[in-house]
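The values are calculated or read from the model by the stated rules, or taken from the named source; none is laboratory data. Keep in mind the model is a prediction, meaning the values are calculated, not measured. With ideal geometry, Cβ positions are generated from the backbone for all residues, glycine too; neighbour counts draw on all protein chains shown. To get the accessible areas, we keep the full protein, side chains included, count just its heavy atoms, and leave off ligands, DNA and RNA. Shrake-Rupley method; radii C 1.70, N 1.55, O 1.52, S 1.80 Å.
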Amino acid sequence: MSSLLLSTLALTCLAAGCSGLNPPVDPPEPQTLPPSPGQNGSGEDVPSVDVPRALGLFSVDYHHVQAPFEIVLWIMLASLAKLGFHWSGRVPAVVPESCLLIMVGLLVGGVIYGVRHSAPPTLSADAFFLFLLPPIVLDAGYFLPGKLFFENLGTILWYAVLGTLWNVLGIGLSLYGVCLLCPASLGDVSLLHCLLFGSLIAAVDPVAVLSVFQEMHVNEQLHILVFGESLLNDAVTVVLYQLLESFLRLPSVSGPDVLLGGCRVLVVGFGGLFVGLFFGLLAALTSRFTPRVPVIAPLFVFLYSYLSYLTSEMLHLSGITAIVTCAVTMKQYVEANVSERSNSSIQYFLKMWSSLSETLIFIFLGVSTIQDVHMWSWPFVCATLLLCLLWRASGVLLLTAVVNKVRRNKVTFRDQFIIAYGGLRGAICFSLVFLIVDFPKKRLFITTTIVVILFTVFVQGMTIRPLVDLLDVKRKKRALPSVSEEMHSRLIDHLLSGIEDVVGYWGQHYWKDKFEQFNRTFLRRFLIREEQQNRSSILRVYQELERQEQGERETAVQAKTVPQTNSRPLLPEEMDSIRRILSRNLHRFNSRIPAYSRHTLHQDTTRTLQRHRSLGERDTQVEDAEFNGLHSVRSGLRRSHTVCTSPTSSIPEEQAAPKHGPKKHLSFDIESE
């Protein structure tokens with residue numbers, strides 16, 4: 001495999017050092033040295049000067065650059081491995097990228113262990129939670145499909161909160177029963193230790209879920225349910241883990257302690273939400289004043305989001321919730337304030353940063369598997385694997401049976417199977433297990449966690465694609481919606497919110513309409529520049545779809561799935577031309593339709609019928625000319641053809657429509673303000 005050849009280039013350098021990532025090594029015993037020239041025989045300290053004995057032509061000082069040099073080597077290894085995978089033919093189509101990266105990590109760890117005869121470097125929990133996890137969560141939150149996410153927010157929270165509690169309690173109590181059945185080997189594992197292990201092993205990793213589900217292109221509802229549940233599941237898992245860990249430090253746990261722990265869970269979750277909201281609004285406000293310095297505009301997106309994560313961790317709140325809330329909050333305002341180049345810079349940097357973090361995480365998962373700290377117990381390991389599958393499947397079935405009673409779009413049994421089967425474990429539970437306070441069975445917990453991760457990533461990750469094909473699960477719609485479809489979708493949303501308001505039902509459309517009204521009245525006026533506030537909603541939708549199409553097209557070109565089409569964003573003068581043409585033609589079109597009344601309808605019924613017939617059949621030259629004028633406007637407003645015709649441009653005779661042809665239907669790709 002070409003990736004393995006590329007990986008071996010850095011193995012020699014990696015095996016030579018890596019002390020910055022290795023576990024601490026006992027320092028050598030001090031040796032008695034003769035007095036240096038800077039010391040006298042009486043032992044008095046005299047300021048010494050490092051005087052070279054001879055002038056050297058060439059020298060090597062590896063310890064001076066050891067830490068950054070090894071970091072660059074690991075990043076280079078990860079990049080070369082990923083580059084080799086995408087040039088390795090049909091292997092990535094069969095095996096997920098995460099599995100291949102873990103295999104490279106296993107190979108690198110084995111080589112380092114064989115050369116040094118000691119454990120290879122491990123990924124510390126601080127390095128994972130402070131440097132590698134935030135880019136992935138930020139990328140997922142910034143490019144989160146907001147409409148789908150908030151439409152399914154109730155179901156996502158239902159799965160993330162209650163589903164996580166169900167798995168933690170079920171796995172923890174069941175494992176404690178297994179320990180009671182095997183007192184000889186597992187008798188020293190307490191109930192709190194089992195619950196603590198259940199809290200970390202129930203963490204569904206969004207990194208592994210993203211790497212697998214993005215390659216399958218499942219339908220939008222299934223993808224947002226699995227991804228949203230895994231994203232919020234981590235926040236709940238980390239909070240429960242910290243709570244149970246604090247219980248272990250107490251001499252005894254009482255009823256008030258459990259009550260305070262429940263309140264602490266709410267404080268941690270809502271505290272992270274408010275911290276992320278504060279920094280998101282602050283980032284949007286700062287981006288309003290960046291038109292004269294557009295170079296630093298993307299920097300505020302990264303700084304404020306990372307600052308929200310660090311602030312939440314400093315206050316012992318949920319950093320994952322904070323950074324997701326910050327990203328979702330600032331996206332719509334920052335995109336409106338900064339230029340297209342800045343938006344492209346934000347997009348590419350976030351994708352590059354998150355992709356690099358994912359690659360390093362999976363490689364270090366493989367490297368960290370080669371350790372001397374393993375402890376094996378067949379009953380505990382096999383029971384953990386079986387219980388993870390059983391409790392997740394039962395939780396999904398029971399929770400979905402309840403939530404389907406209030407959902408309009410039911411979660412089908414096929415989707416439920418994929419949700420239950422897609423509970424992949426990854427680096428989050430691997431990092432949490434190393435944070436457990438030392439006790440006799442900690443090495444058993446580490447070994448079991450590694451086995452569960454490898455089983456879910458390799459077995460479930462490799463078989464979920466054939467199962468999706470076998471069950472004929474609905475796939476994602478590849479084509480992006482047109483402007484007309486988007487406008488009709490918004491029209492239906494407004495219509496449903498009006499119906500809910502009339503009948504007195506406060507549903508999601510009602511609250512969505514209220515929030516949009518509050519956003520338009522207060523937030524947009526305060527957070528968006530004045531020249532962008534009065535921009536047409538038609539043009540905003542057009543530019544948003546154009547940006548999505550550009551991103552989809554670039555992704556498709558890389559994956560060689562969709563042919564590339566030529567397109568470019570609208571220029572300011574073209575926007576003005578669109579507005580003038582549309583306004584004039586719509587005014588001319590509306591002025592030709594008289595306003596009928598039921599009191600005068602009988603007086604000119606013939607005229608009404610003729611008018612409707614003329615609008616439907618277009619059998620006069622005047623109608624044909626006006627139709628051709630509107631058709632030229634419509635052809636200039638397509639998303640794939642952004643160059644507009646001039647308002648005074650004439651239409652060649654050979655392009656004119658025939659007088660007596662099939663019925664023509666008028667349709668506009670953009671709506672009037």
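Quick one: with all protein chains in place, what share of the accessible area of the range 216-356 is carbon or sulfur, to the nearest percent (1.4 Å probe)?
Details: 4560 of 6270 Å².
C and S fraction of accessible area: 73 percent.
Could you order Val267, Val239 by accessible surface area, starting with the largest, using a probe radius of 1.4 Å?
Val267, Val239
Any chance you could run the full-extension gain for Gln66 through His374? It's 0.36 nm times the residue separation minus the Cα-Cα distance, nm to one decimal.
Here the segment from Gln66 to His374 would lengthen by 108.0 nm.
Leu571 versus Leu191, label points 7 Å from Cα toward the beta carbon: distance in nm?
Between Leu571 and Leu191, the label points sit 7.5 nm apart.
List the residues whose amide H sits under 5 Å from the amide H of Val218, counting only those 5 or more places along or on another chain, with H placed 1.01 Å from N in the peptide plane.
Lys476
Rounded, prolate or oblate: pick one for the range 318-400, where a ≥ b ≥ c are the square roots of the eigenvalues of its C-alpha gyration tensor, a/c under 1.5 means rounded, and failing that, prolate if a/b is larger than b/c, else oblate.
Cα axes put the range 318-400 in the oblate bin.
For a Förster distance of 35 Å, can you work out the FRET efficiency between the beta-carbons of His117 and Leu248, rounded to the nearest 0.05?
Calculated transfer efficiency: 0.50.
Using r as the Cβ-Cβ distance of Ser344 and Leu470, and R0 as 30 Å, what FRET efficiency do you calculate, to the nearest 0.05?
0.15
Give me the net charge of Val204's neighbourhood, meaning all other residues with Cβ under 13 Å from the Cβ of Val204; Lys, Arg count +1, Asp, Glu -1.
Numbers: positive: Arg392, Arg425; negative: Asp205, Glu229, Asp234.
Within the 13 Å Cβ shell, the charges total -1.
Could you state the accessible area per residue of the range 209-259 in Å², with a 1.4 Å probe and every protein chain left in place?
That works out to 36 Å² for each residue.
Viscosity 0.890 mPa s, temperature 25 °C: Stokes-Einstein D of the range 181-333 from its Kirkwood Cα radius, in µm² per second?
Numbers: Rh = 17.9 Å.
It comes out at roughly 137 µm²/s.
Which order do the peptides 490-497, 168-175 take when ranked by the mean count of other beta-carbon atoms within 10 Å per residue, highest first?
Top to bottom by mean Cβ count within 10 Å: 168-175, 490-497.
Which value, in debye to the nearest 20, gives the size of the charge dipole of the range 382-462 about its Cα centre, when Lys and Arg are +1 and Asp and Glu are -1 at the Cβ?
Roughly 300 debye for the range 382-462.
Taking the full set of protein chains and a 1.4 angstrom probe, give the accessible area of Arg392 in square angstrom, rounded to the nearest 10.
10
What does the accessible area per residue of the range 348-428 come to in Å², with a 1.4 Å probe and no ligands, DNA or RNA counted? Numbers along the way, then the final one.
Working: 3610 Å² over 81 residues.
The answer is 45 Å² per residue.
Tell me the carbon and sulfur percent of the accessible area for the range 97-169, rounded to whole percent, probe radius 1.4 Å.
75
Measuring from centroid to centroid over Cα atoms, what is the spacing of the range 368-430 and the range 90-163 in Å?
When both Cα centres are located, 17 Å separates them.
If ligands, DNA and RNA are left out, what is the accessible area of Tyr113 with a 1.4 Å probe, given in Å² to the nearest 10?
The accessible area comes out at roughly 80 Å².
For every other residue with a beta carbon closer than 15 angstrom to the beta carbon of Trp74, add +1 if it is Lys or Arg and -1 if Asp or Glu, then tell me the sum.
-1
Stretch Lys514-Leu285 to full length: gain in nm at 0.36 nm per residue minus the Cα-Cα span? Kindly include the intermediate steps, with their values, before the conclusion.
Numbers: separation 229, 0.36 × 229 = 82.44 nm, distance 2.22 nm.
Going from the current span to full extension adds 80.2 nm.
For His86, what accessible surface area do you get with a 1.4 Å probe? Give it in Å², rounded to 10.
For His86, solvent-accessible area is about 120 Å².
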